[in-house]
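Undergrad: The structure under discussion is supplied below as structure tokens; questions concerning it will follow.
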Amino acid sequence: MRTTSLAHLALLLVFPLSGLVAQQPPAGPAGPAAAAGYFTIESYYKVKWGYADEFIRLWKTNHYPLLKKAQEHGDVIGIKAEKPRFHSGEETRWDFRVTVTFKNVEKAFDEELLTPYKKPLFPDPDALERSEQHRFELLLAHWDIETAELSL
């Protein structure tokens, strides 16, 4: 009998609260980034075992300077790179994550956004191409996701 009373009491407490939660408007993109029309993409890289540091070094040498130039010109708002501190399972493992916030969605999908900066930064295009080819040979997987800030 006591167990039943506790169960009923729990239900009485939960149902009124669930009604309040259900009446809240759905959360959507919020915050200063969404208000400004910025567009954020997280890129995840899974690299062959033992080559993560080399991949990151090549990314920092070849791709980061291009993003920095786009940031200087106002097309990129922010660049953040991270690597995991601990290991995870092989299915969920990633070795390097880069979050880039673009001025707008058009800049995020502009395939020529970084092209004007290549020649001044890398006068030998063949060397850059070979280095980038090697960087991509180290990859096992790469995926990009759009992210949106949530108001909490």
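Undergrad: If you keep only loop residues by DSSP, which chymotrypsin sites (Phe, Trp or Tyr not before Pro) in segment 53-110 have at most 16 other Cβ atoms within 10 Å of their Cβ? The partial results should precede the final answer.
TA: Values: sites: PHE55, TRP59, PHE86, TRP94, PHE96, PHE102, PHE109; in loops: PHE86, TRP94, PHE109.
Listed in order of number, the matching sites are PHE86, PHE109.
Undergrad: Summing +1 for each Lys or Arg and -1 for each Asp or Glu, what net charge is found among the other residues whose Cβ lies under 10 Å from the Cβ of GLU82?
TA: Taking every Cβ under 10 Å from that of GLU82, the sum is +3.
Undergrad: Continuing with the same structure: Which net charge results for the neighbourhood of VAL47, defined as the other residues with beta-carbon distances under 15 angstrom from its beta-carbon, given Lys and Arg at +1 and Asp and Glu at -1?
TA: Working: positive: LYS46, LYS48, ARG57, LYS60, LYS83, ARG93, ARG97, ARG135; negative: ASP53, GLU54, GLU82, GLU90, ASP95, GLU132, GLU137.
Within the 15 Å Cβ shell, the charges total +1.
Undergrad: At 7 Å along the Cα-to-beta-carbon direction for both LYS119 and THR61, put a label point, then send me their distance in nm to one decimal.
TA: Between LYS119 and THR61, the simple spin-label model gives 2.4 nm.
Undergrad: What value in Å³ per residue do you get for the convex hull of the alpha-carbon atoms in segment 43-147? Intermediate results must be reported in sequence, preceding the final value.
TA: Numbers: hull volume 11.0 nm³, N = 105.
Cα-based convex hull of segment 43-147, divided per residue, equals 105 Å³.
Undergrad: ASP110: net charge of surrounding residues, Cβ under 11 Å, Lys/Arg +1, Asp/Glu -1, itself excluded?
TA: Working: positive: LYS103, LYS107; negative: ASP75, GLU106, GLU111, GLU112.
After counting each charged neighbour, the total is -2.
Undergrad: Follow-up question, since we're still on this one. For the pairs LYS60/LYS103; LYS69/LYS118; LYS60/LYS118; LYS69/LYS103; LYS83/LYS119; LYS60/LYS119, note any where the Cα-Cα span goes beyond 19 Å. All intermediate terms of the calculation are to be shown ahead of the outcome.
TA: Details: LYS60/LYS103 22 Å; LYS69/LYS118 10 Å; LYS60/LYS118 14 Å; LYS69/LYS103 14 Å; LYS83/LYS119 29 Å; LYS60/LYS119 17 Å.
Result: LYS60/LYS103; LYS83/LYS119 exceed 19 Å.
Undergrad: Quick one: which of 128-135, 144-151, 38-45 comes out on top by average Cβ neighbours within 10 Å, and what's the full order, highest first?
TA: Working: 128-135: 14.1, 144-151: 11.8, 38-45: 18.5.
For the peptides 128-135, 144-151, 38-45, the packing ranking is 38-45, 128-135, 144-151.
All of the numbers you see were taken from the coordinates with simple rules; none came from a lab. What you see is a predicted model; the values in this text were computed from it and never measured. Note that each Cβ is placed from the backbone with ideal geometry, even for glycine, and that neighbours are counted across all protein chains shown.
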